[in-house]
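These notes are about the structure you will find just below.
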């Protein structure tokens with residue numbers, strides 16, 4: 001008798017497993033079609049750096065604290081500024097934390113991949129430009145009925 | 001006490017040999033590029049399809065992190081220390097800052113302690129989910145591969161709001177943490193953990209109650225309580241063998257003494273028990289996260305700590321997702337440590353790999369092996 005009960009229970013459990021999976025055929029997807037659909041990160045995200053040229057004194061504390069040695073201090077006329085090599089940067093943003101003059105800032109720009117190695121070297125002038133506004137509008141949202149998925153951000 | 005297994009030549013790729021009694025065995029090399037072993041090699045000797053000898057061959061992803069730490073100051077070391085297990089970054093980071101604070105004598109503000117605990121528990125869930133997804137695909141269950149990896153996004157996104165980074169946070173620094181809670185975080189955390197607990201019930205229905213899994217996991221890879229203690233196992237591997245050992249309870253640190261949670265143990269010591277310990281821990285972590293966002297005190301998040309490591313010795317340890325992670329740190333007055341010994345949970349659990357595999361069939365190897373939650377990068381450091 002016992003084997004029959006065991007087999008029946010196994011059949012029920014397998015059916016439940018299949019039904020659980022089938023229910024999710026109609027679930028909204030978790031993934032985005034990057035770069036057509038772009039994920040919007042919030043302010044405070046540790047993307048590439050923004051350098052305020054007027055505040056920077058060229059003291060070099062950012063280069064000292066950088067764990068990956070990706071910052072070089074380069075001369076520009078009478079002054080010195082940091083230059084970043086993003087091929088090495090690990091985006092820990094200790095440089096931003098340690099800057100005594102608040103000359104460095106995090107930006108929400110996260111896609112800075114380039115085709116050549118040279119383009120990954122960001123000069124002080126390039127770092128000082130604010131990020132270009134892109135069509136980032138998808139956010140990760142959880143609601144109790146539809147579940148978790150990436151949805152377009154609500155217009156404010 | 002059985003006789004120790006005879007050594008297997010490390011150069012072997014595939015060979016047969018005949019013992020004195022006339023039985024023929026075959027030596028197989030699983031890894032290091034095998035999808036079923038990760039970045040390591042298991043040299044398995046089989047008689048028919050029964051495993052008679054196993055020799056783990058780690059070291060393919062050794063990076064010399066202990067030496068790198070000696071050459072950098074204590075802040076610069078933080079991103080390096082996270083690298084062995086980026087899916088469990090903040091727990092490893094916590095062991096490091098604990099050992100530094102012990103030498104420096106810095107006390108962390110209570111709000112900072114709560115924020116550390118919050119990120120640690122989120123990391124524990126993320127790490128267990130990663131483990132679960134690999135476990136699913138090892139057993140040929142593709143849905144169980146996709147779902148946990150998708151649900152990790154719940155907590156990755158939450159951690160991104162808190163720390164600014166998705167995986168490698170560098171959030172814990174000596175003296176406290178780097179950022180305060182963003183507005184609206186508490187409601188979002190409660191909503192997501194409640195949703196995630198519903199998802200865990202679905203995991204049970206599709207995988208853990210599924211006979212396709214239970215018939216392959218129950219009674220496979222048994223590690224007895226005595227053997228687990230003898231081998232020095234830790235973390236879910238030890239608790240899956242029925243030993244109630246968790247640093248969060250035994251030696252409470254950060255905000256754990258003020259939080260209410262259970263340590264999950266299972267008595268059987270087989271692959272199923274170890275898997276269920278992971279599931280129970282994710283449920284407990286959800287409870288802890290909700291308690292933290294409710295009880296978090298106000299006040300400063302960080303106290304000023306010098307960048308200098310005074311002369312002294314410290315041992316800082318935490319319960320990471322894969323077991324006890326510890327630092328033995330010697331300071332000599334400069335900004336760099338004289339020596340830092342770094343031991344992780346996977347390294348301690350490596351001894352259990354032969355113990356759970358011996359006597360099983362080769363087809364049961366993925367179930368038994370991955371239930372230990374051995375992460376080669378973390379073990380090699």
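Computed from the coordinates by the stated procedures, all read-outs in this text should not be read as laboratory data. For clarity, every value in this text was computed on a predicted model and none was experimentally measured. Note that we place each Cβ from the backbone using ideal geometry, even for glycine, and neighbour counts take in every protein chain shown.
Computed quantities for the displayed model
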| read-out | value |
| --- | --- |
| Scattering profile of the protein assembly as shown at q = 0.05, 0.06, 0.07 Å⁻¹ [log10 I(q)/I(0), Debye over alpha-carbon scatterers] | -0.23, -0.33, -0.44 |
| Ranked B:271, B:170, B:326, B:298, criterion: other C-beta atoms within 10 Å, fewest first | B:298, B:326, B:170, B:271 |
| Value in Å of the Kirkwood radius, where the range A:46-127 supplies the Cα pairs that are averaged | 12.7 |
| Euclidean distance between Cα centres, the range B:114-133 to the range A:50-77, Å | 35 |
| Ranked packing of B:150-161, B:241-252, most packed first, by mean Cβ within 10 Å | B:150-161, B:241-252 |
| Mean shadow area of the range B:83-212, taken as a quarter of the surface of its Cα convex hull (nm²) | 8.6 |
| Reciprocal of mean inverse Cα separation for chain B (Kirkwood radius, Å) | 21.6 |
| Rg ratio (alpha-carbon, reference 2.2 N^0.38 Å) - the range B:202-283 | 1.18 |
| Cα convex hull of the range B:257-381, projected area averaged across orientations, nm² | 10.7 |
| Listed residues A:20, A:107, A:72, most fluctuating in chain A (Gaussian network, C-alpha, under 10 Å) | A:20 |
| Alpha carbon centroid spacing (whole Å) that separates the range B:45-102 from the range B:200-250 | 22 |
| Neighbouring partner chain Cβ atoms per residue of B:160-166, average, 10 Å criterion | 6 |
| Descending principal axes extents, chain A, alpha-carbon based, whole Å | 91, 39, 31 |
| Residue among A:77, A:58, A:44 with the largest mean-square fluctuation in a Gaussian network model of chain A, springs linking Cα atoms under 10 Å | A:77 |
| Shielding by other protein chains, B:203-212, mean Cβ within 10 Å | 5 |
| Gap separating the Cα centres of the range A:10-30 and the range B:291-365, nearest whole Å | 39 |
